[in-house]
Amino acid sequence: MKTSNRILQALTTCVLLAASVSVSVAQQTTRERIVGKAAVTTDTLQGTVEHVEGNYLVVRMANGKVLVFDPPASRRFVIDGKELTVRDLKPGMKLKAVVVTTSTPITDRTTTVGTAKVFWVSGKTVVLTLPNNEHKTYTVRDDYKFIVEGKPTDVSSLRPGMTVSAEKIVEEPSVEIASDTTVTGQAK
């Protein structure tokens with residue numbers, strides 16, 4: 001009895017390993033990060049310190065608008081050649097900030113190549129049986145190509161029972177923004 005249980009366990013393990021191998025062979029996923037061309041902009045802001053309280057800085061901009069800033073504690077202001085913190089600034093000081101912003105477009109692309117069997121096809125609609133026996137319905141673009149026996153083919157050439165490989169590409173765009181600010185000024 002113990003021997004037959006061990007044989008049964010070994011066979012079950014082999015079947016599970018074979019199933020996991022067939023699933024891993026049936027689908028392959030790759031990820032890549034595509035970095036686009038960075039765009040750099042430079043802005044110059046000018047204004048006069050109106051009020052300083054703690055780390056808050058109230059500045060009347062050159063256009064007359066009053067803005068409140070909360071610069072990081074590490075920010076240094078070069079006033080008349082001396083490096084100061086926000087707490088060292090005084091009303092009446094003239095400030096000039098040069099802000100260089102770099103925006104880099106990033107696309108995270110995930111490509112999955114999977115194998116499935118054609119269950120049903122009509123026009124641009126195809127139902128595929130995936131390796132986990134799930135049926136998925138797809139509406140196929142005119143320019144999309146499946147791979148059948150190593151050759152590209154379109155949806156009109158598919159027949160039930162054919163094994164196809166297909167590629168699914170998901171792209172997630174984002175933008176990374178980096179900013180460098182230099183603030184200089186005069187005491188009065």
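Flag: Ser122 does not match the condition of being without any contact (Cβ under 8 Å) to a residue 24 or more places away in the chain, closer than 30 Å to Val35 by Cα, of a type in the set (Gly, Ala, Ser) and surrounded by fewer than 16 Cβ atoms within 10 Å (Cβ to Cβ).
Residue-by-condition table, conditions (1) out of contact with any Phe, Trp or Tyr (no Cβ under 8 Å at 6 or more places or on another chain); (2) of a type in the set (Phe, Trp, Tyr); (3) over 30 Å from Val78 (Cα atoms):
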position	(1), (2), (3)
Lys94	yes, no, no
Thr101	yes, no, no
Asp108	yes, no, yes
Thr139	yes, no, yes
Tyr144	yes, yes, yes
Pro152	no, no, yes
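If you go through the stretch 137-175 one residue at a time, how many are part of a strand (DSSP E or B), among the charged types (D, E, K, R) and surrounded by 12 or more Cβ atoms within 10 Å (Cβ to Cβ)?
Taking the stretch 137-175 first, the residues part of a strand (DSSP E or B) are 137-139, 146-148, 151-153, 163-175.
Pick out the ones that are also among the charged types (D, E, K, R) and you get 151, 167-168, 171-172.
So of that shortlist, the ones also surrounded by 12 or more Cβ atoms within 10 Å (Cβ to Cβ) come out as 167-168.
Qualifying residue count for the region: 2.
Total residues in the stretch 143-156 satisfying the condition of being free of Cβ contacts under 8 Å to residues at least 24 places away in the same chain and over 28 Å from the mean Cα position of the chain (by Cα): the figure is 9.
Here is a check on your reading of the model: is Val21 at pLDDT 95 or above and not in a loop (DSSP other than H, G, I, E, B)? In short, no.
Please specify each residue of the stretch 76-86 satisfying the condition of being β-branched (Val, Ile, Thr) and either in contact (Cβ under 8 Å) with a residue 24 or more places away in the chain or not in a loop (DSSP other than H, G, I, E, B) (or both).
Going through the stretch 76-86, the residues β-branched (Val, Ile, Thr) turn out to be 78-79, 85-86.
The answer is Val78, Ile79, Val86.
Looking only at the stretch 162-177, which residues are of a type in the set (Gly, Ala, Ser) and at pLDDT below 95? Walk me through it before giving the result.
Restricting attention to the stretch 162-177, the residues satisfying the condition of being of a type in the set (Gly, Ala, Ser) are 165-166, 174.
Correct list: Ser165, Ala166.
Scanning the stretch 39-75 for residues that are without any contact (Cβ under 8 Å) to a residue 12 or more places away in the chain and not aliphatic (A, V, I, L, M), we see that the one that is farthest from Ile106 (Cα to Cα) is Glu53.
Of all residues in the stretch 77-116, exactly one satisfies the criterion of being surrounded by 14 or more Cβ atoms within 10 Å (Cβ to Cβ), of a type in the set (D, E, K, R) and within 32 Å of the chain's Cα centre (by Cα), namely Arg109. Of the residues that make up the stretch 62-76, is at least one under 35 Å from the mean Cα position of the chain (by Cα), modelled with pLDDT of 90 or more and either farther than 30 Å from Thr184 by Cα or of a type in the set (Lys, Arg) (or both)? Within the stretch 62-76, one or more residues are under 35 Å from the mean Cα position of the chain (by Cα), modelled with pLDDT of 90 or more and either farther than 30 Å from Thr184 by Cα or of a type in the set (Lys, Arg) (or both).
Got a sec? Which of Thr182, Thr115, Thr102, Thr111 is modelled with pLDDT of 95 or more and either closer than 23 Å to Arg60 by Cβ or of a type in the set (S, T, N, Q) (or both)?
Values: Thr182 fails: modelled with pLDDT of 95 or more; Thr115 fails: modelled with pLDDT of 95 or more; Thr111 fails: modelled with pLDDT of 95 or more.
Testing whether each residue is modelled with pLDDT of 95 or more and either closer than 23 Å to Arg60 by Cβ or of a type in the set (S, T, N, Q) (or both) leaves just Thr102.
In summary, Lys136 fulfils each of the numbered conditions (1) at pLDDT 90 or above; (2) among the charged types (D, E, K, R); (3) over 30 Å from the mean Cα position of the chain (by Cα) with the single exception of condition (3).
The values are calculated or read from the model by the stated rules, or taken from the named source; none is laboratory data. On a predicted model such as this, the values are computed, not experimentally measured, just so you know. Note that each Cβ is placed from the backbone with ideal geometry, even for glycine, and that neighbours are counted across all protein chains shown.
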